[in-house]
1. Quick check on the chain: what are the equivalent-ellipsoid semi-axes from the Cα gyration tensor, as sqrt(5λ), descending, whole Å?
2. Grab the alpha carbons of the range 220-300, take their convex hull, and tell me the volume per residue in Å³.
3. How high is the relative contact order of the chain, in percent, with contacts defined as C-alpha pairs under 8 Å that are six or more residues apart?
4. Check cross-link reach from Lys184 to the lysines: straight Cα distance under 29 Å, and skip same-chain residues fewer than eight apart.
5. Could you work out the relative contact order of the range 72-133? I mean the mean sequence separation of Cα pairs under 8 Å and 6+ apart, divided by the number of residues, in percent.
6. Run the accessible area of the chain with a 1.4 Å probe and give the carbon-and-sulfur part as a rounded percent.
7. What residues have an amide H closer than 5 Å to that of Tyr193, excluding those fewer than 5 places away on the same chain, when H is modeled at 1.01 Å from N in the peptide plane?
8. In µm²/s, what is D for the range 54-100 at 37 °C and 0.692 mPa s, where D = kT/(6 pi eta Rh) by Stokes-Einstein and Rh is the Kirkwood radius from Cα pairs?
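The values are calculated or read from the model by the stated rules, or taken from the named source; none is laboratory data. This structure is a prediction, so every number in the text was calculated from the model and none was measured. Heads up, the Cβs are rebuilt from the backbone with ideal geometry, glycines too, and the neighbour counts pull from every protein chain shown. For accessibility, only protein heavy atoms count, side chains too; no ligands or nucleic acids. Shrake-Rupley method; radii C 1.70, N 1.55, O 1.52, S 1.80 Å.
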Amino acid sequence: MTQNHSKSQLKPANIALQSMSHAASHYENFPVASVFLPKQLREPIALIYSFARQADDFADEGDLTIEQRLNLLDGFRDELNLLQAYIKPKTAFFVALGQMIKAKKLPLAPFHDLLDAFSQDVTKTRYQNYHEVLNYCQRSANPIGRLLLQLYEAATPENIELSDNICSALQIINFLQDIAIDFKKNEGKQRIYMCQDELARFGINEQQIQAYVNATQTVDTHWQQFMHFNLQRVQTLLLAGKPLGHILKGRIGFEMRMIIAGGERIITKIGNVNGDIFKHRPTLNHGDWLLILLKALFKI
């Protein structure tokens, strides 16, 4: 099997630079090795994000079969296992990643958790309840926050709990803004992260979601109430992690406050359109970024 994520002749330093570009071109919920971070952390963070982005692309992008997607993710697992066994990886990307992991003394478990989540994306398309959604977030988003805390040398139990709240909230915000996009994934089988029991409670079925996606029907009060419920819950979860932006000091704390303010802004924009993300998927404009910057700067 050929993997397209790196070329063996590239040097680790060049791989890190490529990772910064690759990660920055994809991720929405997390700032990627931004200029606000200390310079020595930008390349390590970019490598972590690139790992997550590439693996997520294996699960989501292109026209691959389910088997091909799982094989690509298994290829990443094989490389992690080589690192675990102190054996040189087969690809330049994992050589660079392995050197960074060793230098920063990062655990490998969060990387495996990410792969488990992305493999689940390939095979699981429905989530019965909120517990199942949070379980997914524990593996799809929280590992990144935990790795960042390790890099920041701030991985205390209190900070980890706060970070988990933030990361899970950001993942759920992403689900809310991308309902229409996710519905078109998995070879036409429709991926729905919204809780099945809650959809039923608000009187919403999948035929309605299909009609919203196809623009043959506009959202009704049931959908608006459902989205309002979800926005309130995710806002509470995000606020539960917000103290981390004040606990972390300096540029790292500023970056964290930017992340949180960005999540808050997306929640507000979804609320402003009464949850109709089918016609108005929220995007952050220059005015939004100015507001986010000011909130982070003045610790609002």
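1. With the √(5λ) rule applied to the chain, the semi-axes are 32, 25, 16 Å.
2. 79
3. Normalised by residue count, the contact order of the chain is 17 percent.
4. Within the straight-line limit of under 29 Å, Lys184 reaches these lysines: Lys124, Lys269, Lys279.
5. Computed value for the range 72-133: 33 percent relative contact order.
6. Of the solvent-accessible surface of the chain, carbon and sulfur hold 53 percent.
7. Amide H to amide H, under 5 Å and 5 or more residues apart or across chains, Tyr193 pairs with nothing.
8. 290
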